[in-house]
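*Asks:* Mind having a look at this structure? Questions to follow.
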Amino acid sequence: MIEEVATVIKTEGESMSVEIQRQSSCGACSVKSGCGTNLIASLFGKRRAMLSLPNTIHAQPGDRVVLGIRENDLVTGSIRLYLLPLAGLLLGAMGGHLLAGTELFAIAGGLLGMFAVLQGLKYRQVAPDIRVLRREHTLNIEPVKLNQEVKP
């Protein structure tokens, strides 16, 4: 299971709305100062996603909860978003080239094939099985001042 922490925004009956702050992995990288990817990620800022999920743990607004998604769902979604449009591009380009034999038709066929696959994916969306696993446990440690003097 891949886990992500979210904040509960509101609850209504048996459902809750949570907010996830999506982050790039650039923050943990040691070469981020000299990397172009970090620059691009900083231009777009931190994006937030809102989800409506069943409130199976009786969370309250302000609570931080841990969400989980199966690895298989992530791989399947990645294949749909990356591999299928690429296949549409290649098949469309080959079809355009075979139809007219020119580079212009190959480019047009490739773009048409890719956009056709993207439109098909848009209308046939499959929601992943996102589960609320538990509340995030935080350890609150506060210093305590003792009024005792230490004798040498």
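*Asks:* Please go through segment 116-133 and pick out each residue that is in contact (Cβ under 8 Å) with a residue 24 or more places away in the chain and either within 12 Å of L84 (Cβ to Cβ) or part of a helix (DSSP H, G or I) (or both).
*Replies:* A116, V117, L118, L121
*Asks:* A follow-up question, please. Considering each of L99, L86, L90 in turn, give the residue that is surrounded by 11 or more Cβ atoms within 10 Å (Cβ to Cβ), at pLDDT 90 or above and under 25 Å from I2 (Cβ atoms).
*Replies:* It is L86.
*Asks:* Can you pull out the residues in segment 90-126 that are of a type in the set (D, E, K, R) and over 28 Å from I69 (Cα atoms)?
*Replies:* The one that is of a type in the set (D, E, K, R) and over 28 Å from I69 (Cα atoms): E103.
*Asks:* I'd like the residue in segment 64-109 that is β-branched (V, I, T) and over 30 Å from L133 (Cβ atoms) and, out of all such residues, is nearest to the chain's Cα centre (by Cα).
*Replies:* Initially, segment 64-109 is screened for residues β-branched (V, I, T), giving 65-66, 69, 75-76, 79, 102, 107.
Still in the list and also over 30 Å from L133 (Cβ atoms): 102, 107.
Numbers: T102: 40, I107: 31 Å.
Result: I107.
*Asks:* While we're on this one: Please name all residue pairs, on different chains or six or more residues apart, with Cβ atoms under 7 Å, provided the first residue is in segment 96-114 and is over 23 Å from Y82 (Cβ atoms) and the second residue is in a helix (DSSP H, G or I) and among the basic types (K, R).
*Replies:* Once the first residue is over 23 Å from Y82 (Cβ atoms) and sits in segment 96-114, no partner that is in a helix (DSSP H, G or I) and among the basic types (K, R) comes close enough.
The values are calculated or read from the model by the stated rules, or taken from the named source; none is laboratory data. What you see is a predicted model, and the numbers here were worked out from it, not measured in a lab. So basically every Cβ, Gly included, is an ideal-geometry build from the backbone, and we count neighbours across all protein chains shown.
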